[in-house]
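**Q** Sharing a structure below in structure tokens format, with a few things to ask.
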Amino acid sequence: MKEKIQKFGGAMFTPVMLLSFSGIILAITIIFKNPIIMGSIAESDTLWYKLWDIVSAGMWTVFNNLELLFVIALPIGLAKKSAARISMESFVVYTAFNYFIGAILNYFGSFFGVDYTMDAVTGSGMKMIGGIKTLDTGIVGAIVIALLVVYIHDRFIDKKVPDWLGMFNGSSLVVCLGMMAALVIAVGFCFVWPLFQRGMGYTQTFFVDSGAFGIWCYSLLERLLLPTGLHHLLTQPFSYGPVIVDGGITTYWLDHLVEFSQSKQPLAELFPGAGFKLYGHNKIFGAPGVAAALYFTAKPENKKKIAALVIPAALSAVVGGITEPLEFTFLFISPMLYGVYAILCASLSTAVYLIGIRGDFTSGIITWLAKNWIPLWHNHHNEYLKQIAVGLIFTVIFFVVFYVLITKFNIQTPGRQLVGETKLYTKKDYKQMKAEGANAGSNEFAIKAQAFLEGLGGKENIESVTNCATRLRTTIHNPEKTAPDAFFTENGAIGVVRKNNSVQVIVGISVPQVRDEFEKLL
């Protein structure tokens, strides 16, 4: 079950990757349309404003169609076969699902406690999805239908029907069965979802009223779940689902960014719920402290090598918001150290929450600048100066805590370890791998894919493969056929996570390209 949940979490990241790009560009357009920052050139009647407003309209595509994005993209990472066809099947079934709900509520809305005559606006419980007025089920409805279609697709896409029913072969059969099931699910949603929407109102109040303790627990879980790959399942309902606000914190923040930038009201009053998007502070302030501790605790003869390891890892965290290259340098060596790290991360998020910081602070410095500091600095710079001060204090705290723990308990972090076992390869092995790599393609992604496939026991040992933001997630038949972790790191991996027949190779942000080459080899 854990393996299936991990695969689901990885598949969820396929559509989410688009949100980061669109969010940054959208934030930039909001900056350029803000007269406080740009002056009179950004007044609403100028050509400058109109041009950037056109760009902005396009960038809202992803956020305004999250449900369609998830229902199309999610099955790609979950289907075991014919992944290209399942996107069409999922879209058609989901569209039918929304038509079913709309028709049911049009005739029997009062029975379900829903006023279908209301306009589909925020707070009404209704939404226009793909031009269909339906219940605002958010990404939950899309995920339910996507999972339904994946289940039907994998069992019936190759099912042979009698010749006289030949038109129902393949995708037609999947869509037919999916629509029948979607009708039943639509009735269920009409019963359950209005109650759920009312319940979510109480949940939102609870989380906002939970204050600093809620932020600490949430941020702690986010870091503790990272090694399992399940952290997306915790954060995405807050970022893109209805846990705090309709449509998610990310969309709401961008939608109100101009309004917030023009107000001198404290950020904590403008949008209290944005406290659940502060867990990225460890990427800017925690990572440099950890990197410095790893460097200064290394043996003198190894410091140059360790600098080459931790400086790029720290930059990946600060600039791009990718912390795994740094965290996985000590996670497997000392889980205790990682536990302390998670507590420090949660404490940092809570500290900035207590001084009144709110916003979208989940990624690297580029996102921070585009979505927070640049557009809001004029009226909120005092809050941000306090944020930077608290962050730098925690950088020192991260360094001191890590330095003391590593030296006191003699933790064998990189640069302090004894020489590990290294496998030696013959010239024949080397030539064979080079030849196979050349057959796969001459680019670095193909070479990595070839090496990882070799380390995983060859294509006969691979049952399934998918990926999330940084990991190549595989299910294998026989774990004993896999190479030791050192083999993968020597061939460009950051680390390896193993659990029975599940092997995750930590690749980094180039994992989509490596997976493509990996699948070509399969």
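**Q** If you take the residues of region 83-102 that are hydrophobic (A, V, I, L, M, F, W, C) and without any contact (Cβ under 8 Å) to a residue 60 or more places away in the chain, which of them is surrounded by the fewest Cβ atoms within 10 Å (Cβ to Cβ)?
**A** Per the criteria, the residue is Ala84.
**Q** Also, quick follow-up: Is it the case that region 58-72 has a residue that's in a helix (DSSP H, G or I), more than 30 Å from Phe97 (Cα to Cα) and polar (S, T, N, Q)? Show your work before the answer.
**A** First pass over region 58-72, keeping only residues in a helix (DSSP H, G or I): 58-64, 66-72.
In the following step, the residues that additionally are more than 30 Å from Phe97 (Cα to Cα) were identified as none.
The answer is no, given that none of the residues of region 58-72 is in a helix (DSSP H, G or I), more than 30 Å from Phe97 (Cα to Cα) and polar (S, T, N, Q).
**Q** Would you say Glu222 is open to solvent by 30 Å² or more (accessible area, probe 1.4 Å) and in a helix (DSSP H, G or I)?
**A** no
**Q** Is it the case that Val243 is open to solvent by 10 Å² or more (accessible area, probe 1.4 Å), aliphatic (A, V, I, L, M) and farther than 30 Å from Ile143 by Cβ?
**A** So Val243 fails the test.
**Q** Give just the number: which of (1) surrounded by 15 or more Cβ atoms within 10 Å (Cβ to Cβ); (2) over 20 Å from Gln197 (Cβ atoms); (3) touching a Ser or Thr at 6+ places or on another chain (Cβ under 7 Å); (4) of a type outside the set (S, T, N, Q) does Lys127 not satisfy?
**A** Looking at each condition in turn, Lys127 falls short on (2).
**Q** Do you know which residues across region 242-253 are within 17 Å of Tyr279 (Cα to Cα) and not in a helix (DSSP H, G or I)?
**A** Selection gives Val243, Ile244, Gly248.
**Q** Please find, among Val465, Val496, the residue that is modelled with pLDDT of 85 or more, outside any helix (DSSP H, G or I) and either over 29 Å from the mean Cα position of the chain (by Cα) or under 26 Å from Ala307 (Cα atoms) (or both). Steps first, please.
**A** Values: Val465 fails: either over 29 Å from the mean Cα position of the chain (by Cα) or under 26 Å from Ala307 (Cα atoms) (or both).
From the options Val465, Val496, the qualifying one is Val496.
**Q** Looking only at region 363-376, filter to residues that are open to solvent by 20 Å² or more (accessible area, probe 1.4 Å) and in contact (Cβ under 8 Å) with a residue 24 or more places away in the chain; which one of those is nearest to Ala274 (Cα to Cα)?
**A** Here the residue is Ser363.
**Q** Counting just the residues of region 313-362 that are in contact with a strand residue (DSSP E or B) (Cβ under 7 Å, 6 or more places away or on another chain) and not in a helix (DSSP H, G or I), which one comes out nearest to Gln387 (Cα to Cα)?
**A** Among those residues, the one meeting the criterion is Phe328.
**Q** On to the next question. Output the number of residues of region 73-104 satisfying the condition of being of a type in the set (A, V, I, L, M) and either outside any helix (DSSP H, G or I) or over 16 Å from Ile132 (Cβ atoms) (or both).
**A** Total meeting the criteria: 9.
**Q** Considering only residues that are among the β-branched types (Val, Ile, Thr) and within 23 Å of Gly125 (Cα to Cα), look in region 159-201 and name the one that is surrounded by the fewest Cβ atoms within 10 Å (Cβ to Cβ).
**A** Across region 159-201, the extreme among qualifying residues is Val184.
**Q** Turning to a different aspect of this structure: All but one of (1) part of a helix (DSSP H, G or I); (2) farther than 23 Å from Lys371 by Cα hold for Asn282; which doesn't?
**A** Failed condition: (2).
**Q** Does any residue of region 378-397 turn out to be assigned to a loop (DSSP other than H, G, I, E, B) and open to solvent by less than 10 Å² (accessible area, probe 1.4 Å)? I'd like the intermediate steps shown before the answer.
**A** Filtering region 378-397 down to residues assigned to a loop (DSSP other than H, G, I, E, B) leaves none.
Taking every residue of region 378-397 in turn, none turns out to be assigned to a loop (DSSP other than H, G, I, E, B) and open to solvent by less than 10 Å² (accessible area, probe 1.4 Å).
**Q** Considering only residues of region 45-70 that are at pLDDT 85 or above and touching a Pro at 6+ places or on another chain (Cβ under 9 Å), which is most open to solvent (accessible area, probe 1.4 Å)?
**A** Looking at residues that are at pLDDT 85 or above and touching a Pro at 6+ places or on another chain (Cβ under 9 Å), I get Tyr49.
**Q** How many of the residues in region 74-96 are among the aromatic types (Phe, Trp, Tyr) and more than 30 Å from Thr475 (Cβ to Cβ)?
**A** 0
**Q** Something else now. Could you look through region 267-279, keep only residues that are part of a helix (DSSP H, G or I) and open to solvent by less than 10 Å² (accessible area, probe 1.4 Å), and pick out the one that is modelled with the lowest pLDDT? Even if it seems obvious, please write down each step before you answer.
**A** Here is the first cut: in region 267-279, the ones part of a helix (DSSP H, G or I) are 267-270, 272-277.
With open to solvent by less than 10 Å² (accessible area, probe 1.4 Å) added as a condition, the list becomes 267, 273-277.
On the way: Leu267: 94, Gly273: 89, Ala274: 92, Gly275: 93, Phe276: 93, Lys277: 94.
Per the stated criteria, the residue is Gly273.
**Q** Can you tell me which residues in region 299-327 are under 19 Å from Gln412 (Cβ atoms), open to solvent by less than 10 Å² (accessible area, probe 1.4 Å) and of a type in the set (Gly, Ala, Ser)?
**A** Passing the criteria: only Ala313.
The values are calculated or read from the model by the stated rules, or taken from the named source; none is laboratory data. Because the structure is a prediction, the values reported are computed rather than measured. Cβ atoms come from the backbone with ideal geometry, glycine included; neighbour counts cover every protein chain shown. Note: areas computed on protein heavy atoms with side chains; ligands, DNA, RNA excluded. Shrake-Rupley method; radii C 1.70, N 1.55, O 1.52, S 1.80 Å.
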